[in-house]
Amino acid sequence: MKRELFSAVSALALLPCVAPLQAAEPDGERLETLTIEALPLQDVSAAESVQPAKVVAGEELIKQRDRSLGRSLSSEPGISSADFGIGVGRPVVRGLSGPRVRVQENGLSAADVSTLSVDHAVSIDTLTARQIEVLKGPATLLYGSGAIGGVVNVVTDRIPRSAPTRVGGEIDFSVNDSTVGGAATALSLTGGLGDFAWRLHGDTRQTGDYQADGDQRLDNSATETDTSGAGGSWSGSRGYLGAAVASHASTYGIPGEEAQIDLSQDRIDLAGELYEPFPYFERLKVSAAHTDYLHTEGEAGIPEVFFDNEEAEVRVELNHAPAGGWRGALGLQATDRQFEAFGEEEVFVPPTDTRSAALFAVEEYSFGNGLDNAGRFPRRAAGA
């Protein structure tokens with residue numbers, strides 16, 4: 001089956017009056033500007049963008065970081081968590097969930113099967129995140145025609161963009177003694193040698209059965225998650241080029257049932273940027289990822305149903321120089337996905353081999369108010 005589709009959205013939004021607010025501040029510490037990396041326009045903060053966007057980073061992320069992506073964002077207006085047990089927690093944006101909300105890591109798909117069922121978890125651990133971005137409006141067309149609810153982009157530093165002069169690291173340890181108990185530990189190290197930079201990361205998280213009331217506990221609701229990764233890059237005055245490998249594993253139970261889910265994912269990422277690649281263009285950005293995902297469901301630790309997903313994705317973005325008051329970017333996205341579900345029980349999801357490619361563009365013009373337009377021309381081929 002093949003189909004062609006054109007998607008376009010326009011939005012008007014008032015740019016916030018940032019300068020008067022800054023002028024009225026007392027002689028205190030100025031807040032750090034957080035750049036939205038999921039937007040192709042360079043150096044665009046959430047306050048300056050005409051796009052509806054939210055960035056959770058720094059101390060705010062540390063305070064909100066929870067055992068799932070959905071719960072880490074659930075305190076934000078219009079966002080909730082689709083919990084089917086505490087191990088799931090997929091984000092729900094403005095009442096929309098599943099495939100209507102795209103979840104991605106560094107601009108590329110999470111490549112899991114969390115959109116197929118409410119008891120399937122997202123394969124991204126928030127302990128690896130430097131910041132979490134939520135996009136709504138026309139910019140969602142940069143990542144797919146179906147993400148009408150929004151895009152949740154988890155930004156990690158697994159691929160360093162510049163080489164530090166010395167070795168540094170971070171360690172994060174937390175204990176939860178309330179409703180679920182458990183602990184989480186994360187460790188990262190970053191270093192450099194000349195123009196080469198490297199980064200190592202590992203984390204583990206465990207929670208017990210959910211304590212509903214007093215000593216009563218919700219059986220089969222405990223979770224365990226482990227993530228590790230390593231990356232390196234070469235950087236210079238014209239840009240950088242790097243690669244990373246990562247492994248993610250999670251085990252969690254489904255409350256009210258005896259079933260337990262074990263998922264594992266291995267991921268390879270490539271990323272690079274070239275500044276001023278051609279005349280009249282400011283930046284060329286290329287990113288790619290290959291993921292191998294396996295997910296089993298069964299009782300008493302015996303797998304009965306298997307979900308196997310292998311996916312490759314490539315994105316190319318090209319920012320043009322401002323022209324006539326307009327600034328923007330155009331690009332190409334291509335995906336190849338092979339999915340199969342099988343097992344002892346009858347599975348109602350057919351195997352599919354999906355290939356898709358799309359051209360996209362986003363343009364922004366500011367004249368007091370902000371005008372933003374985006375378009376996407378996708379082509380898709382799928383076989384079962």
| request: For residues that are under 21 Å from residue 262 (Cα atoms) and either part of a strand (DSSP E or B) or of a type in the set (Phe, Trp, Tyr) (or both), tally how many sit in segment 187-234. | output: 15
| Quick one: how many residues across segment 172-190 are of a type in the set (S, T, N, Q), at pLDDT below 90 and within 15 Å of residue 204 (Cβ to Cβ)? | 2
| field | Some residue of segment 191-208 being buried (at least 19 other Cβ atoms within 10 Å of the Cβ) and at positive phi | value | no
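Conditions (1) out of contact with any Lys or Arg (no Cβ under 7 Å at 6 or more places or on another chain); (2) farther than 17 Å from residue 253 by Cα; (3) in a strand (DSSP E or B); (4) of a type outside the set (Val, Ile, Thr), marked per residue:
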site	(1), (2), (3), (4)
278	yes, yes, no, yes
288	yes, yes, yes, yes
292	yes, yes, yes, yes
307	yes, no, yes, yes
| message | I need the full set of residues from segment 46-86 which are at pLDDT 90 or above, crowded, with 22+ Cβ neighbours inside 10 Å and of a type in the set (Ser, Thr, Tyr), in order please. | response | 72
| message | So, residue 304, is that one under 15 Å from residue 345 (Cα atoms), surrounded by fewer than 20 Cβ atoms within 10 Å (Cβ to Cβ) and not basic (Lys, Arg) or not? | response | yes
| Neighbours by Cβ (under 6 Å, 6+ apart or cross-chain): first from segment 331-349, more than 29 Å from residue 287 (Cβ to Cβ); second surrounded by 15 or more Cβ atoms within 10 Å (Cβ to Cβ) | 342/306; 343/305; 343/306; 345/305; 347/341
| remark: Here the residues within segment 120-163 that are surrounded by fewer than 23 Cβ atoms within 10 Å (Cβ to Cβ), more than 15 Å from the chain's Cα centre (by Cα) and modelled with pLDDT under 90 are 137, 145, 146, 148
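Taking the conditions exactly as written (at pLDDT below 95, assigned to a loop (DSSP other than H, G, I, E, B) and out of contact with any Leu (no Cβ under 8 Å at 6 or more places or on another chain)), does residue 115 satisfy them or not? Steps first, please.
On the way: at pLDDT below 95: yes; assigned to a loop (DSSP other than H, G, I, E, B): yes; out of contact with any Leu (no Cβ under 8 Å at 6 or more places or on another chain): yes.
In short, yes.
The values are calculated or read from the model by the stated rules, or taken from the named source; none is laboratory data. Bear in mind that the values here come from a model prediction, so they are computed numbers and not experimental data. Note that we place each Cβ from the backbone using ideal geometry, even for glycine, and neighbour counts take in every protein chain shown.
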